[in-house]
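Visitor: Input: one structure, supplied below.
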Amino acid sequence: MRLFGVMLIMVLLTNLFAADADLRKIREQAAAWFSGSGTASEARRALETQQPDGSWRDVNYADRNRGHWAPRRHLSRAVVLAAEYRRGREKGAADAKLRDAAVKALGFWAARDCTSPNWWHQSIGTPMELCSAILLLGDGLPSEVLAELRPILDRSEPGMTAQNRVWLAGIQLLKGAIFEQPEWVREGADAVSAELHVAAPGMEGIQPDWSFHQHGPQLQFGNYGLAYFSEMTKWLAILHGTRFALPEEKAEILTSYYRHGLRWVLFDRQMDFSACGRQINGGQVRAKYRSVTGTAARLNRVLGVRHRVTENDFRFSGSRYFPDSDFYVQRNGGDCYWSVKMSSSRTVPSETVNSENLLGRLTGHGATMFMSGRGELVDIGALWEWRQIPGVTSVQDDSPLVCKNPGLRNKCGWVGGLSDDEIGFCAMDFDNGEVAAKKSFFFFGPGMIAVGSDIRSGIDAPVVTTIAQMRTDEEVAVHRFGDPEGTEVANGAFLYRILKTDGKLSAGSEERTGNWKRVTEALSDVPVRGRIFTCAIDHGRKPENAFYAYQVVYLPQAAECSAKLLETGSESIHAVAGKDAVMAAFHEAGTVTLPDGTVLEAKQPALVMLRNGRIYAADPGRKRKILDVVLAGRKYRLPFPQGAEAGRTVSVPAER
């Protein structure tokens, strides 16, 4: 019995030692992760400009802005000072001045206790920065300063959903490591692990199609989705090798999210403007690219994957439709990139939060972004005419462009896409109360054909379909074409060809002056200048049954873009044929005459593609169980996926 008691005590002591060792390892690995914050020059600048009381003269500590909250710069500098101190300490050359400056900065914050009108800073932003600085300083932080900071840290409590839940759980985890509370670490680690999953239908987070939602069914690759990727990678690294480590299958989910989601919206060292979310300010598209690639490299190191992330990783080709987010991407190696951001009655097109994205109401109404590697869309928001988003048909009036009125979203549910992983297309019925239309976007390699019909509006203002609005170095006088059918306009790397329209075409470039304050209230109104090329079709005031069809091709490969419009049985059926495929958007049931004279008929509204001896189909409305197709007199029945898989592409062999 005595032997059993001794053994039990030894087991308990061993477990206690292991727990202490795990907490110590978490603190070390967290400090190692945060030590990458800032640069030596940034730390020296912060040191030289710090006031005797630990503050900085250029920080407005009374700022009440909800988004770009100025006092957070104080905390960021404290972290940068602590990180540089940590890096020097690791090299055996710790600089006590850096340590003392970081401690003074934390002491000032504890005494001042700055708070923001935005809950996020109190619950997430401030505690996370404080935890980072505390762990970087280690035993260099006096215990009395830590005690003064604890009430501020304790304002953060676990809860909420998706990325907000991850942030809060991570803070709880770090607090547990700092204050030697293993149960807090367990609580935080379990919450992080639980949130690293593919969300159930209607829930936020990683979607079954590998897009990301937050604030409802809204595409959030570049905002919350990027933070999620970075944070989850961080916790994989910090908890690695401890009893709190995340399971292997969780790492597989994160890797899949990167490979099948985030990676698809990176091109030319930038993130697709349409994927960035509401934070689309100057420098953001480049910064988000760097953040994804840097995090991907860190994830590889954590998982022991010997692969260096380079720009070549984003020179791949393929087609992908994200049905959970109404978003389509077509990639053509390193040559060109295309995307279409749509929205339906199932999704949220965009948001204005914290006075960010003040002009983005139209960006989810069929926005087409195309790039060639010439920086056509880099930091374009300051110069854009936000009523003329490429791909969007919109009313040119003075209505607010802030994303605050759900009544101005697309009310239609018939929105979808189709892809065979190489090429594809997407289409939407659109009606937001201002303008209605049927729109389709077809992609054949390095080119796109966009078709619109049944365009109507009751508002007494011009209705315009914008083809392009991008940066250019070329001076092209703005020209208006009275009869534009057959007109070709070249600019930069792209050729624009009008196939048919009842409207009037204008195209040309002009010097513009704008600023970022018009986009996000907290930003500067310092003028931003640049030359912008615009190509657009004016359908006139109060149009009824207006239409268009235009082609955009990548000029160096224009010879490969031989796609053409096909004859259809109705203006509500849009169809094109390329060298190896036929694509048809049956906004209503009907027929299409193929180039060889045979007839394709869809008995129900659907998207249909003929390619490589197969019939592909998708149901944008997500309500049908089957599609009946007749091709050259032969009948085919395609079963559509139901439930969470509704809207996905299906295919059957086409008999010869």
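Visitor: Not counting ligands, DNA or RNA, and with a 1.4 Å probe, what is K517's accessible surface area in Å² rounded to the nearest 10?
Guide: K517 has an accessible surface of roughly 80 Å² with all protein chains in place.
Visitor: Any chance you could tell me what percent of the C-alpha pair distances in the range 321-383 go past 13 Å?
Guide: When every Cα pair of the range 321-383 is considered, 69 percent fall beyond 13 Å.
Visitor: Putting +1 on Lys and Arg Cβ atoms and -1 on Asp and Glu Cβ atoms, find which of V435, S339, W119 reaches farthest to the positive end of the dipole of the chain.
Guide: Positive-most Cα among the choices belongs to W119.
Visitor: For the chain, take N as its residue count and report Rg(C-alpha) divided by 2.2 N^0.38 Å.
Guide: 1.07
Visitor: Assuming R0 = 51 Å, can you tell me the calculated FRET efficiency for the pair V652 and H479, based on Cβ-Cβ distance, to the nearest 0.05?
Guide: Approximately 0.60, to the nearest 0.05.
Visitor: Carbon-plus-sulfur fraction of the accessible area of the chain, 1.4 Å probe, in percent?
Guide: That fraction is 50 percent.
Visitor: Per the helix-only calculation at 222 nm, which mean residue ellipticity applies to the chain, given -39500 (n - 2.57) for every DSSP H run of n ≥ 4 and division by its residues, nearest 500 deg cm²/dmol?
Guide: The helix contribution divided over the chain gives -9500 deg cm²/dmol.
Visitor: On to the next question. Setting aside same-chain residues fewer than 8 positions from K25, which aspartates and glutamates have a Cα under 17 Å from its Cα?
Guide: Output for K25: E90, D139, E180, E183.
Visitor: When you count, for each residue, the other Cβ atoms within 10 Å and take the mean per peptide, how do 204-216, 122-134 rank with the highest first?
Guide: Packing order, densest peptide first, comes out as 122-134, 204-216.
Visitor: With +1 on each Lys and Arg Cβ and -1 on each Asp and Glu Cβ, and nothing else charged, work out how big the dipole of the chain is about its Cα centre, in Debye to the nearest 20.
Guide: The dipole magnitude comes to about 960 debye.
Visitor: Cross-link partners among aspartates and glutamates for K504, C-alpha distance below 12 Å, same-chain residues fewer than 8 apart left out?
Guide: List returned: D483, E485, D538.
Visitor: If you average 1/r over every pair of different alpha-carbon atoms in the range 184-326 and take one over that average, what Kirkwood value in Å do you get?
Guide: Over the range 184-326, the inverse of the mean reciprocal pair distance is 15.6 Å.
Visitor: Please give the length that would be gained between E488 and T513 if that part of the chain were fully extended, namely 0.36 nm times their separation in residues minus their C-alpha to C-alpha distance (nm, one decimal).
Guide: Residue separation times 0.36 nm, minus the Cα-Cα distance, leaves 6.2 nm.
Visitor: Any of K175/K234; K564/K623; K341/K623; K97/K234; K175/K288 with alpha carbons more than 20 Å apart? Name them for me.
Guide: K564/K623; K341/K623; K97/K234; K175/K288
Visitor: Let me ask something else about it. What accessible area per residue comes out for the chain, rounded to a whole number of Å², with a 1.4 Å probe?
Guide: 40 Å²
Visitor: Relative contact order, percent, of the chain when contacts are C-alpha pairs under 8 Å separated by at least 6 residues?
Guide: Relative CO of the chain lands at 8 percent.
Visitor: Additional query: Solvent-accessible area of K411, probe 1.4 Å, all protein chains present, reported in Å² to the nearest ten, please.
Guide: 120 Å²
Visitor: Additional query: On a full-extension model of 0.36 nm per residue, what is the gain between A94 and A40, subtracting their alpha-carbon distance, rounded to one decimal in nm?
Guide: Separation in residues times 0.36 nm, less the Cα-Cα distance, equals 18.2 nm.
The values are calculated or read from the model by the stated rules, or taken from the named source; none is laboratory data. Fair warning: this is a prediction, and the values are worked out from it, not measured in the lab. Note that we place each Cβ from the backbone using ideal geometry, even for glycine, and neighbour counts take in every protein chain shown. Side chains included, ligands, DNA and RNA excluded: accessible areas come from the protein's heavy atoms. Shrake-Rupley method; radii C 1.70, N 1.55, O 1.52, S 1.80 Å.
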